[in-house]
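Enquirer: Just dropping this structure here.
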Amino acid sequence: MDGTTATGFDVQRIRQDFPILSQPQARGRPLVFLDSGASAQKPRAVIDAMVRCMETAYANVHRGAYRLSELATDAYEAARAATARFINAADAREIVFTKNSTEAMNLVAHGWGRGVLKPGQAVLISELEHHANIVPWQMLRDDRGNELRVCRVTETGEIDMEDLAAKLADGKVGLVAMAHMSNVLGTVAPVERIVAMAHAAGAKVLLDGSQAAVHRRVDVQAIGCDFYCFTGHKLYGPTGIGVLWARLEHLDRMPPFLGGGDMISLVTFEKSEWAPPPAKFEAGTPPIIEAVGLHAAIDYVTAIGMGAIEAHERALVDHAMGALSEVPGLTLLGRAQDRGGVFAFALDAAHPHDLATLLDRAGICVRAGRHCAEPLHARFGMENGTTRASFGLYTTKEEVDLLAQALTEAREFFK
């Protein structure tokens, strides 16, 4: 099988763009990288763009009155414009660069939660959230007294829409903060419906797109949300850069998260005045080289086509559901109707960490633990954690089959 689909998606050719995939593991086995949900591998285009920036066009941005700084500033702001196009933001000024999704959600918790949310209003999250979308709201609750509500997840791993409606019914929820796609179950939430319900109840909506932005086309205007965040390193870009998109009117109302240089228009010893968004939220020297890398990553996936990437993944998910379901003693978490390429599972004979270690001997990289989602694991009675395989655009059906075979062999080993 050559890996070419009806969409023209040629996975074998795409794999050639990722230098690390041609490198054998320490034990001489081919690399089977199934941990892209934690952090994806980088294509040559991203690596080259960052090196080229450092070698030929690097300087600090915005304040240098010389040509090299102007070039760096142009590259940095071009990355912002490309990010705005990628998620169909109405205005590039709605894009705030952070260091990751976690910082983006903390920015909202600080700026919107402490600066705009009223004392009697609640924040509503769900049981399937990453810790980054739980802990900041607990901190807000403990600091300001805002109630934190939690929407249930069904046995299939989907948002319980009846429970969501019930928790919105009294009109006291000021913000709904939920994952667009679960990093454990692969569940893709019906975000347009959630946004409509939240807005009807008077609440704003923050969506954690850390997983979803990698696997399918995101259009924030069509979704209708108020805040959306994702991170560069899962989107085949570098670490150290994330994105918060927010409607410009919300950014205008929010106080800054960090203070320092480049986020001010005036500073005296008596007072400071803030620069307009997005500069107001980008204190200090920003991630210049990382922004260049993110721009290259966005150009890379855009050239392939997010529709083609999604079609490839849907085929992988269907194949994996069949292959993994045939492994004796394997329990899959979540069977949502709409899901992405993330599979958390437990093997009856093995602890997740032991299983991941054994798979590594076969050159297969997976994640083990509770994946920064301890409450979700408790919800499904998996306090010891799970093993997780997560796909990227370079993942093949053959790799899924290797995983299934290795799991079958592992069960015999641990019995």
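Enquirer: How about the stretch 180-282: which strands (runs of 3 or more DSSP E) wholly inside it have at least 2 residues that are open to solvent by less than 10 Å² (accessible area, probe 1.4 Å), in the same structural domain as ALA92 (by TED's automatic domain parsing) and farther than 29 Å from PHE33 by Cα?
Expert: On the way: elements: 204-208, 227-231, 242-246, 264-267, 272-274.
Result: 204-208, 242-246.
Enquirer: Given the condition over 30 Å from ALA389 (Cβ atoms), in the same structural domain as ALA279 (by TED's automatic domain parsing), in a strand (DSSP E or B) and not small (Gly, Ala, Ser), answer yes or no: does some residue in the stretch 61-82 qualify? Give the derivation first.
Expert: The first filter runs over the stretch 61-82 and keeps only residues over 30 Å from ALA389 (Cβ atoms), leaving 61-82.
With the extra rule that they be in the same structural domain as ALA279 (by TED's automatic domain parsing), the set shrinks to 61-82.
Adding the requirement that they be in a strand (DSSP E or B) leaves none.
The answer is no; no qualifying residue exists.
Enquirer: How many residues are more than 21 Å from GLY37 (Cα to Cα), in contact with an Asp or Glu (Cβ under 7 Å, 6 or more places away or on another chain) and in a loop (DSSP other than H, G, I, E, B) when one looks only at the stretch 88-131?
Expert: Within the stretch 88-131, residues that are more than 21 Å from GLY37 (Cα to Cα), in contact with an Asp or Glu (Cβ under 7 Å, 6 or more places away or on another chain) and in a loop (DSSP other than H, G, I, E, B) number 1.
Enquirer: Then there's this: Here are some conditions: (1) without any contact (Cβ under 8 Å) to a residue 24 or more places away in the chain; (2) in a strand (DSSP E or B). GLU383 meets all but one. Which one does it not meet?
Expert: (2)
Enquirer: What pairs come out if I take residues in the stretch 216-241 that are farther than 11 Å from PHE86 by Cβ and pair them with residues that are open to solvent by 30 Å² or more (accessible area, probe 1.4 Å) and among the acidic types (Asp, Glu) whose C-beta lies under 7 Å away, six or more apart or interchain?
Expert: So the pair list comes out as ARG216/GLU310; ILE223/GLU192; GLY224/GLU192; GLY232/GLU290; PRO238/GLU290; GLY240/GLU290; ILE241/GLU290.
Enquirer: Follow-up. I need the full set of residues from the stretch 312-328 which are open to solvent by 30 Å² or more (accessible area, probe 1.4 Å) and either of a type in the set (Val, Ile, Thr) or not in a helix (DSSP H, G or I) (or both), in order please. Even if it seems obvious, please write down each step before you answer.
Expert: Of the stretch 312-328, the ones open to solvent by 30 Å² or more (accessible area, probe 1.4 Å) are 314-315, 318-319, 321-322, 325-326, 328.
Matches in the stretch 312-328: GLU326, PRO328.
Enquirer: Could I ask something else about it? Please go through the stretch 369-381 and give me each residue that is surrounded by fewer than 19 Cβ atoms within 10 Å (Cβ to Cβ) and either more than 30 Å from ILE159 (Cβ to Cβ) or within 23 Å of the chain's Cα centre (by Cα) (or both), ordered by number.
Expert: Filtering the stretch 369-381 down to residues surrounded by fewer than 19 Cβ atoms within 10 Å (Cβ to Cβ) leaves 369, 372, 374-375, 378-379, 381.
Passing the criteria: GLY369, CYS372, GLU374, PRO375, ALA378, ARG379.
Enquirer: OK, next. Is it true that ILE134 is touching a Cys at 6+ places or on another chain (Cβ under 7 Å) and among the aliphatic types (A, V, I, L, M)?
Expert: no
Enquirer: For HIS353, only one of the following conditions fails: (1) surrounded by 18 or more Cβ atoms within 10 Å (Cβ to Cβ); (2) assigned to a helix (DSSP H, G or I); (3) in contact with a strand residue (DSSP E or B) (Cβ under 8 Å, 6 or more places away or on another chain). What is its number?
Expert: Here HIS353 meets the rest and fails (1).
Enquirer: So if I check each of ASP160, ASP142, ASP170, which one is of a type in the set (D, E, K, R), open to solvent by 20 Å² or more (accessible area, probe 1.4 Å) and in contact with a Cys (Cβ under 8 Å, 6 or more places away or on another chain)? I'd like the intermediate steps shown before the answer.
Expert: Numbers: ASP142 fails: in contact with a Cys (Cβ under 8 Å, 6 or more places away or on another chain); ASP170 fails: in contact with a Cys (Cβ under 8 Å, 6 or more places away or on another chain).
Going through ASP160, ASP142, ASP170 in turn, just one is of a type in the set (D, E, K, R), open to solvent by 20 Å² or more (accessible area, probe 1.4 Å) and in contact with a Cys (Cβ under 8 Å, 6 or more places away or on another chain): ASP160.
Enquirer: Filter the stretch 55-74 for residues that are in contact (Cβ under 8 Å) with a residue 40 or more places away in the chain and open to solvent by less than 40 Å² (accessible area, probe 1.4 Å) and give the result. Let's see the steps before the verdict.
Expert: We begin by selecting, within the stretch 55-74, every residue in contact (Cβ under 8 Å) with a residue 40 or more places away in the chain; these are 58, 60-63, 72.
Scanning the stretch 55-74 gives VAL61, ALA72.
Enquirer: Out of the stretch 151-178, which residues are within 26 Å of PHE345 (Cβ to Cβ) and in contact (Cβ under 8 Å) with a residue 60 or more places away in the chain?
Expert: Matches in the stretch 151-178: VAL153, THR156, GLY157, GLU158.
Enquirer: Return the pairs, sorted by first residue and then second, in which the second residue is open to solvent by 20 Å² or more (accessible area, probe 1.4 Å) and not in a helix (DSSP H, G or I), the first residue lies in the stretch 350-376 and is on the phi > 0 side of the Ramachandran plot, the beta carbons are less than 6 Å apart, and the residues are 6+ apart or on different chains.
Expert: Sorted first by the residue in the stretch 350-376, then by its partner, the pairs are GLY363/GLN25; GLY363/ARG29; GLY363/PRO30; CYS372/HIS130.
Enquirer: Which ones in the stretch 337-346 are assigned to a loop (DSSP other than H, G, I, E, B) and open to solvent by less than 10 Å² (accessible area, probe 1.4 Å)?
Expert: Selection gives GLY340, GLY341.
The values are calculated or read from the model by the stated rules, or taken from the named source; none is laboratory data. From a predicted model like this one, the values you see are computed outputs, not experimental measurements. With ideal geometry, Cβ positions are generated from the backbone for all residues, glycine too; neighbour counts draw on all protein chains shown. Surface areas here come from the heavy atoms of the whole protein model, side chains and all, with no ligands, DNA or RNA. Shrake-Rupley method; radii C 1.70, N 1.55, O 1.52, S 1.80 Å.
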